[in-house]
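Asks: Below: one structure in structure tokens.
Computed from the coordinates by the stated procedures, all read-outs in this text should not be read as laboratory data. Note that the structure is predicted; figures quoted are calculated from it, not measured. Glycine gets a Cβ as well: all are built from the backbone with ideal geometry, and neighbour counts include every protein chain shown.
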Amino acid sequence: MVAKNRKSPFVKEVLLALLILGNCLLPQLHLWVSDELTRITVFGYDYSHGYSSNQEFIWRLLCYVQILIYILISFYCTARRYKYALLALIYWVVYNTLVCLTPIAILEEIRSVLLWSAVFITLFLVNVKLVMAGEKSFTFKLPKDKLDVSIVVVLLLLPLLHRLSYNLPQGIREITILGHTVSSFGFQDLDAFFTYLFLKIYILVPLLFFFLATKRWWKYALLVPILLVVFQLKTAFNPHSEYLDTYEVVHALPLLISVLILLLFLSKAAYYQSKMVRLYQTTYDTLEVLVHKRFQNREEFLKTIKEKWQQLKTTPSDEQELLDLKQHLEQELRKK
């Protein structure tokens with residue numbers, strides 16, 4: 001069977017790289033929102049979010065959307081089995097997004113409903129994956145690769161550590177852990193600091209694992225969000241910094257330009273490689289069509305000869321007709 005309408009994956013890879021790069025700037029959109037108002041009107045509905053300003057609310061919401069996009073990209077583009085541990089992060093991000101969107105007045109009343117909704121979404125994703133894979137029963141098996149096992153453990157621990165940070169009392173700026181003092185680094189309190197820290201860890205850790213796991217040329221686009229997160233964490237750990245997720249793009253610009261130049265060279269090489277692959281595919285398809293046509297014609301001819309021979313066997317015929325049929329058959333069989 002000849003393959004039809006084959007398309008090069010190059011365009012999809014370019015679009016994926018652009019999505020990775022564009023998603024880096026998603027939280028920057030919060031700068032376009034008012035830093036004074038605390039209520040949002042959507043289609044005539046006055047929405048009270050409970051945050052200090054609309055800018056903070058939009059920033060937090062965009063951060064969750066950014067994390068979810070990166071985790072989904074890692075999940076669907078990773079072939080290794082550790083990717084299923086990313087479902088735990090997907091669940092936690094969806095849950096926190098629902099909490100973020102819930103007005104503060106009714107948050108405590110429906111927190112458990114939001115939690116179980118997030119669990120249902122996770123189970124739905126697992127079920128869809130199993131149905132697509134044709135599995136009849138679900139049996140959990142750890143990956144045999146020790147590296148994959150380590151990655152699974154790290155990914156599953158992240159939501160648990162984040163959940164533990166919720167138990168910190170409000171207003172505490174310092175805490176001693178195993179003899180080491182951890183401060184809020186200029187944040188309002190430790191709760192705000194750990195919230196911001198985990199928002200960045202949810203990006204940094206999965207993308208690092210994804211970068212090491214994939215071998216595609218566009219994986220170097222992942223260096224852009226990784227570098228941005230590193231600079232954002234550097235700003236967060238500086239107690240004298242006043243702004244977050246604002247000027248880090250400017251500070252990391254030299255490194256980001258170097259990565260973009262590298263991506264341009266790699267994309268050019270990948271483009272010519274994709275053209276060669278398409279040329280090979282076109283040549284192969286053409287040869288397959290010719291071979292198929294050639295042997296199909298021969299099969300039709302042999303079928304006709306066979307029918308003619310059966311007819312001659314059952315009906316009287318002269319010797320010349322048999323000789324002509326034999327000669328015609330020999331000529332066809334001598335063809336290469």
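Asks: What does the extension gain come out to for Asp46 and Arg278, with contour length at 0.36 nm per residue minus their alpha carbon separation? Before the final figure, lay out each step's value.
Replies: Working: separation 232, 0.36 × 232 = 83.52 nm, distance 5.49 nm.
Using 0.36 nm per residue and subtracting the Cα-Cα distance, I get 78.0 nm.
Asks: Which order do peptides 247-257, 29-39, 228-238 fall in by mean Cβ count within 10 Å, highest first? The partial results should precede the final answer.
Replies: Details: 247-257: 14.4, 29-39: 12.3, 228-238: 17.6.
Descending packing order for the listed peptides: 228-238, 247-257, 29-39.
Asks: Order these by the 10 Å Cβ neighbour count, fewest first: Thr214, Thr282, Thr97, Thr176.
Replies: Thr176, Thr282, Thr214, Thr97
Asks: Follow-up. Provide the FRET efficiency to the nearest 0.05 for the Tyr76-Tyr166 pair, computing r from the beta carbons and using R0 = 22 Å.
Replies: Numbers: r = 30 Å, r/R0 = 1.35.
Step by step, r from the Cβ atoms, then E = 0.15.
Asks: For Tyr47, enumerate residues with amide H under 5 Å from its amide H, sequence gap 5+ or separate chain, H modeled in the peptide plane.
Replies: Ile40, Thr41, Val42
Asks: With each pseudo-label sitting 7 Å past Cα toward Cβ, what's the Ser258-Ser53 distance in nm, one decimal?
Replies: 3.5
Asks: Which of Phe209, Phe265, Phe198 has the fewest other C-beta atoms within 10 Å, and how do the rest follow up to the most? Provide the component values of the computation, followed by the final result.
Replies: Working: Phe209 23, Phe265 11, Phe198 19.
If I rank by nearby Cβ atoms, fewest first, I get Phe265, Phe198, Phe209.
Asks: In segment 211-253, whose amide N lies under 20 Å from the spot 7 Å out along Cα-to-Cβ of Thr181? List them in ranges.
Replies: The answer is 237-241.
Asks: From the backbone phi of segment 91-102, what are the Karplus-calculated ³J(HN,Hα) couplings (6.51 cos²θ - 1.76 cosθ + 1.60, θ = phi - 60°) in whole Hz, Gly and Pro given as x?
Replies: 4, 5, 5, 4, 4, 5, 5, 5, 5, 5, 7, 7
Asks: To continue, here is another question. Would you work out the relative contact order for segment 17-103, in percent, from Cα pairs under 8 angstrom that are 6 or more residues apart? Before the final figure, lay out the partial values.
Replies: Working: 85 pairs, mean separation 25.2, N = 87.
Rounded, it is 29 percent for segment 17-103.
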